[in-house]
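See structure below.
None of the figures in this text is laboratory data; all of them are computed from the coordinates on show. For clarity, every value in this text was computed on a predicted model and none was experimentally measured. Positions of Cβ are generated from backbone atoms using ideal geometry, with glycine treated the same way; all protein chains shown enter the neighbour counts.
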Amino acid sequence: MHEAQSPESKADFVHKLKIADKESRETGYWLKLCESSEVLPDPGDLVEKNIEIGKILSAIIGTVKRNS
């Protein structure tokens, strides 16, 4: 997400945020595996926090696209 702080254009900014959103979704997958496993550590509240991060990224992407 650090790269999104210096985009070359709005399209580049959206692209980088989409990558961050994709990574968030993958993280959610692994956290859910941890939740359902008996041998992996319990993710605690990380699942909920990751969902919130995804919502924030989606909202930012939508706002930038609407204002482009």
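Couple of notes before you dig in:
- One residue from Lys55, Lys16, Lys65 being more than 13 Å from the chain's Cα centre (by Cα) and of a type outside the set (A, V, I, L, M, F, W, C): Lys65
- Residue in the range 31-40 that is touching a Cys at 6+ places or on another chain (Cβ under 7 Å) and either more than 21 Å from Lys10 (Cα to Cα) or in a helix (DSSP H, G or I) (or both) present: yes
- Verdict on Val47 being loosely packed, with under 11 Cβ neighbours inside 10 Å and either aliphatic (A, V, I, L, M) or touching a residue at least 60 places away in the same chain (Cβ under 8 Å) (or both): no
- Pairs, first free of Cβ contacts under 8 Å to residues at least 24 places away in the same chain and exposed (fewer than 13 other Cβ atoms within 10 Å of the Cβ) in the range 18-44, second of a type in the set (Lys, Arg) and in a loop (DSSP other than H, G, I, E, B), C-beta under 8 Å, six or more apart: none
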